Each structure stands twice: as structure tokens, then as C-alpha cells.
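Take a look at the structure set out below.
What follows is calculated from the coordinates using simple rules that are stated; it is not laboratory data. Quantities reported herein were computed from a predicted structural model and do not represent experimental measurements. Every residue, glycine as well, gets a Cβ built from its backbone with ideal geometry; the counts of neighbours run over all protein chains shown.
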């Protein structure tokens, strides 16, 4: 199981960095869904299979909600001109977050009563890269994905501390609520046909 947990951490690095780099919304939805699969693997070390499955299903449903909403909207080709857009800059920033997480993981693992280095590293990576994602984007879909990434990291870390069924259900509802709010905001931000005429 420890080797599989480190594979999940590797998948988290790839998917979280991919969410920062890719511009196609379809690819970003797929990366978010794969990220929830990696989260599921890390959660299995502290939660029973049924409770970990609730989290991955809620994550996949959130991804599906965002994907279905985005597929019905007109293409948004507007680039984010206020923030750094270069892929090299985003990779550099993700590398800096990775270095900070590598330094903080042993201390955080000790504080969390030895939850496991892979679990701690995976959770901190998701929180750090999710916050980075929130800091360099202003598009509603990407902001929602950044928030879901931060919450996923928090869920991994918190599962090592508390494994209550009520908390698992509450966090699943928060995931779905975030996806619904993001979908509503994507729809509301589209210009109406009466305004364009």
C-alpha cells in the first residue's frame, strides 16, 4: 500500500500541474477527475472503502456537473490578460510549491500523529497547488477547479485526524455545492441573447 500511495502522490503532482498548464476545458475536467482517483487511493489508508468511495463519487459528480455546464456554453476565447500566462512561469511556480511542500511534509506529518508521509505530502500538494491555481486565474471554471483542489487536499489531511461518517458526508455536500455554484456562475456570466441584439 505505501508504494501505491506514492504513485497516487505522483498522479497528484501531474494532474495539479496539468490543471495549471492546460487551456482546454475538456482536458482540465479529465485531470480533475483523475485527481479525485488519486485522492481516493490516499484516503484508503485512513478510511474504509465505502467512505473513501463517497468522496471519489462526489468528486466525479462535481467534475461531471462542471463539464456538462461548460459544454452547453459558447466558446470563451478570452485570455486572462491580467495574470502571468506563460506555461514556463506556471511550471516554475508549481515547482516552488513542490519544494515548499517537500520541506514542510516531515514537520506536518509529526504534527498529524504520523498520518503517513505520502498522505501528508499529497494533501499539502493539493492545497498548495490549488491555492496557486486560485492566485493566477480569474475564469469561473478554473477558479472552481482550484477551490475543489484545495478542498480535496484538506479532505486528505483531515481524514487522518477524523474519520466520522458525518464529516465525510458534509465534505461531499460541500464539493457538490461548489460545483453547482460554479456552474450557476458560468451560466450567469454568459451574455443573454436579448443583450447581444
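Given their separation in residues at 0.36 nm each and the Cα-Cα distance between them, residue 14 and residue 73 gain 18.5 nm when the chain is fully extended.
Under the simplified labelling scheme, the residue 91-residue 22 pair shows an inter-label distance of 1.7 nm, with each label point 7 Å from Cα along Cα→Cβ. Remark: the stretch 87-167 is approximated by an ellipsoid whose semi-axes, taken from the C-alpha gyration tensor as √(5λ), come to 24, 17, 6 Å, largest first.
Sorted on the mean count of surrounding Cβ atoms within 10 Å across their residues, most packed first, peptides 150-157, 133-140 read 150-157, 133-140. Taking the helices alone, the chain has a mean residue ellipticity at 222 nm of -27000 deg cm²/dmol, built from -39,500 (n - 2.57) per DSSP H run of at least 4 residues and averaged over all its residues. On full extension, the segment bounded by residue 139 and residue 166 gains 6.5 nm, given 0.36 nm per residue less the C-alpha separation.
The listed peptides 182-189, 168-175, ordered by packing as a protection proxy, come out as 168-175, 182-189 (highest mean of other Cβ atoms within 10 Å first).
The alpha-carbon atoms of the chain, seen along their principal axes, cover 61, 37, 23 angstrom, with the largest extent given first. Rounded to the nearest 10 degrees, the inclination of helix 87-111 to the longest alpha-carbon principal axis of the chain is 30 degrees.
Residue ranges 107-117, 36-46, 57-67 sort as 36-46, 57-67, 107-117 when ordered by packing (mean number of other C-beta atoms within 10 Å per residue, highest first). Taking every C-alpha pair closer than 8 Å and separated by at least 6 residues, the mean separation divided by the residue count of the chain gives a relative contact order of 29 percent. Sorted from longest to shortest, the spans of the Cα atoms of the stretch 126-197 along the three principal axes equal 55, 27, 8 Å. With axes computed from alpha carbons, what is the tilt in degrees of helix 117-135 against the longest principal axis of the chain, rounded to the nearest 10 within 0 to 90? Around 20 degrees separate the two axes.
Relative to the longest principal axis of the Cα atoms of the chain, the long axis of helix 49-71 makes an angle of roughly 10 degrees. Each label was represented as a point 7 Å from its Cα along the Cα-to-Cβ direction; for residue 60 and residue 184 these points are 2.7 nm apart.
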